[in-house]
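Novice: Mind looking over this structure? Questions follow.
The values are calculated or read from the model by the stated rules, or taken from the named source; none is laboratory data. The model shown is predicted, which means the values in this text are computed figures rather than measured ones. We place every Cβ from the backbone using ideal geometry, glycine too, and count neighbours over all the protein chains shown. Keep in mind that these areas ignore ligands, DNA and RNA; they rest on the heavy atoms of the full protein, side chains included. Shrake-Rupley method; radii C 1.70, N 1.55, O 1.52, S 1.80 Å.
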Amino acid sequence: MITVAILGAGIGREHLAAYRELRGAFHVTRVIDQDLARIEDIREGDDFVASAAIEDALIDPDIDVIDVCLPPHLHVLITLKALEAGKHVICEKPLATSMADADAIKDAAEAAGKQVFPVFQYRWGPSLAKLRHMMAADLTGQVQTATVETHWSRGSEYYASEWRGTWAGERGGAVLGHAIHNHDLLTHIAGEIAALSAMTTTRVNDIETEDCAAISFEMRSGALCSSNITLGAARDETRLRFVFEHLTATSDTEPYAPGAQAWTFTARDPKQQVEIDAVLAQTPEEAVGFVGLFTEIGKALNGKLNSVVTLKDGLASVELVTAIYHAARTGTRVALPLGLDHPLRKGWLP
């Protein structure tokens, strides 16, 4: 049994719900939040200990994993403290807000002999399982192009928390806090990025950080992809389309679990549709979102074959955000990977 302490009862609520579905593998023994009433709000009969002090979890010898669900500016500090305390770490996005800090986490994890798992739960769900299954069966061919739309609605209620919408507290805007999951999906399916161009602006809310962006990607495969982001949509919608050599895969508009709803998989050659549909029908079942993510983390911690989100994936995500902000501010095409002498390596805060 893997014992877990959740730090933060905001998004931690969703983490806790997933752990409940995996009771045979995980046991949440502590939940930490400065607002003890908020912890009791999510208890639902669980037997964990509630407290306001993060140190309570770090010094508990029975805790295996620290699950960091805190505001972004605390992620690096607490992850490093947890590793120093000999704990594995699950960390909500963003893992870090500079490449230098991401490298510090990598070094600390290696020194402690512990694992760090970035949270990119969008990867899991029946439709994404079907897409990966067809890719493995060599039915898709290469990605030719892809589009990612993160069209969500965020207004005054969302930004009522004093740390949101600020560079000091949130450390970024829609690029960092909202589209980061969809960009992870883009690279998960379409592979590594060779170069990008970007524009960002603040059009929707009276905040410091950006709430709209348009980004173009050249993938290492040669595919050309794009991402369009706004927090001023009528409702929250996420849409992804991957155009492969042999088929086009199009998502539904479910915003927070793109793989949960049915996608369409359309053969370019209609004669291949029967074969595609047959392979789709044979796709193994897969859990959605956090349940899928934590299932793979459990396998990794128990030394089993897994498809977990790795620390390397988290480092790549931080590098990508760095490149996007650099491209947007300079108006230049930015090649990846970024060098050790990159001007934003220590952070992208203005």
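Novice: Considering only the stretch 218-251, how many residues are farther than 17 Å from Val204 by Cβ and part of a loop (DSSP other than H, G, I, E, B)?
Specialist: 7
Novice: Another question, if that's okay. Please go through (1) of a type outside the set (A, V, I, L, M, F, W, C); (2) open to solvent by 40 Å² or more (accessible area, probe 1.4 Å); (3) touching a residue at least 40 places away in the same chain (Cβ under 8 Å); (4) touching a strand residue (DSSP E or B) at 6+ places or on another chain (Cβ under 6 Å) for Gly314 and return the number of the only condition it doesn't satisfy.
Specialist: (2)
Novice: Another question, then. How many residues are open to solvent by 80 Å² or more (accessible area, probe 1.4 Å), closer than 18 Å to His188 by Cα and either of a type in the set (Ser, Thr, Tyr) or touching a helix residue (DSSP H, G or I) at 6+ places or on another chain (Cβ under 8 Å) (or both) when one looks only at the stretch 241-284?
Specialist: Summing the residues that are open to solvent by 80 Å² or more (accessible area, probe 1.4 Å), closer than 18 Å to His188 by Cα and either of a type in the set (Ser, Thr, Tyr) or touching a helix residue (DSSP H, G or I) at 6+ places or on another chain (Cβ under 8 Å) (or both) in the stretch 241-284 gives 1.
Novice: Moving to a separate point now. Would you be able to say whether some residue in the stretch 123-137 is buried (at least 18 other Cβ atoms within 10 Å of the Cβ) and more than 22 Å from the chain's Cα centre (by Cα)?
Specialist: Yes, the stretch 123-137 contains at least one residue that is buried (at least 18 other Cβ atoms within 10 Å of the Cβ) and more than 22 Å from the chain's Cα centre (by Cα).
Novice: Also, I was wondering about something else. Could you check Tyr325 against (1) surrounded by fewer than 18 Cβ atoms within 10 Å (Cβ to Cβ); (2) among the hydroxyl-bearing types (Ser, Thr, Tyr); (3) in a helix (DSSP H, G or I) and say which number it fails?
Specialist: (1)
Conditions (1) touching a helix residue (DSSP H, G or I) at 6+ places or on another chain (Cβ under 9 Å); (2) surrounded by fewer than 22 Cβ atoms within 10 Å (Cβ to Cβ); (3) part of a loop (DSSP other than H, G, I, E, B); (4) at positive phi, marked per residue:
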{"position": "Val4", "(1), (2), (3), (4)": "yes, no, no, no"}
{"position": "Arg23", "(1), (2), (3), (4)": "no, yes, yes, no"}
{"position": "Glu40", "(1), (2), (3), (4)": "no, yes, no, no"}
{"position": "His73", "(1), (2), (3), (4)": "no, yes, no, no"}
{"position": "Ala82", "(1), (2), (3), (4)": "yes, no, no, no"}
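Novice: Out of Val279, Val291, which single residue is in a helix (DSSP H, G or I) and modelled with pLDDT under 95?
Specialist: Going through Val279, Val291 in turn, just one is in a helix (DSSP H, G or I) and modelled with pLDDT under 95: Val279.
Novice: Right, another one. Kindly indicate the residue of the stretch 6-21 that is touching a residue at least 40 places away in the same chain (Cβ under 8 Å) and part of a helix (DSSP H, G or I) and also most open to solvent (accessible area, probe 1.4 Å) among those meeting that condition.
Specialist: Glu21
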